[in-house]
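A quick write-up on the structure given underneath.
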Amino acid sequence: MACSLSAVATLEGHQERAWNVDWSPSGALLTSCSSDKTIRVWGLEGEAWVCKTVLTDGHQRTIRSVSWSPCGNMLASASFDATTCIWDKKGGEFQCSSTLEGHENEVKSAVWSRSGGLLATCSRDKSVWVWEVLSDGDDFECAAVLQHHTQDVKCVRWHPTQELLASASYDDTIKMYREDDDDWICCGTLEGHESTVWSISFEATGNRLGGSHDAGYARSDT
């Protein structure tokens, strides 16, 4: 049966390019981030989508990526200012509770593991960092710095059921990582893309991983 989609709303408010959006785990809220250095949280009021909150003062440059934690109480935002901000709403409103530093250049992506116990970030500095979430999200500790790509790392994604991490890069490859005896290792390199791998996504079971590149099509690896 053919699937039909139609636009239900156009969300306006960002003053510059909007880079990324992410749904909350419940599906009730949508976040967007922008070159205007803000994050907007959108939700329904009646039948209209409205901006519920604007998060500012976390970053000094473009916010490239925003991601909800599985519990729905925290956000992670990745910025061209080389930092990742953690926002929590324990007090009822989102506040920047932690700023993760260490990358030497623009942070392109930040994503939570399914358990919410790990956060992965990647950067133009060619590295992928794995952070361990401590003390109910109040503290974060760097568990690994993975330097296996030879160029800018564009995207990171966690496997939907395992603590298996994938990263996509300007070096035309996808790298796979897992923990082995308390150390994180690169356990595989997927080759075959003809240019920069911009985005990757696991399907729901985790049996397939798709990647897109400049040639204009997606490649699926199993």
- Message: Test of understanding: given the chain, find the longest segment containing no GluC sites (Glu not before Pro) that are in a DSSP loop and have at most 15 other Cβ atoms within 10 Å.
- Response: 105-190
- Query: Out of (1) -0.33, -0.43, -0.98; (2) -0.29, -0.37, -0.86; (3) -0.21, -0.28, -0.76, which label holds the value of log10 I(q)/I(0) by the Debye sum over Cα atoms at q = 0.07, 0.08, 0.13 Å⁻¹ that was computed here?
  - Reply: (3)
- Item | Mean-position separation - Cα centroids, region 23-69 and region 161-217, in angstrom | 27
- Note down the magnitude of the dipole of region 48-119 about its Cα centre, charges +1 on Lys and Arg C-beta and -1 on Asp and Glu C-beta and zero elsewhere, to the nearest 20 debye. 300
- Treating the beta-carbon of each Lys and Arg as +1 and of each Asp and Glu as -1, no other charges, what is the dipole magnitude of region 55-188 about its Cα centre, to the nearest 20 debye? 660
- Item | Out-of-range pairs (alpha-carbon distance over 27 Å; input LYS52/LYS90; LYS90/LYS126; LYS90/LYS175) | LYS90/LYS126; LYS90/LYS175
- Task: Report, by chain and number, residues whose modeled amide H sits under 5 Å from the one on MET74, excluding near sequence neighbours (fewer than 5 apart, same chain).
- Result: SER69
- Loop-located trypsin sites (Lys or Arg not before Pro) in region 1-87 whose Cβ has at most 15 other Cβ within 10 Å (DSSP): ARG17, ARG61
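Rule-based calculations on the coordinates, nothing more; no lab input. All figures in this text were calculated on a predicted structure; none of them were measured in a lab. Counting neighbours? That spans all protein chains shown, and the Cβs are built from the backbone with ideal geometry, glycine included.
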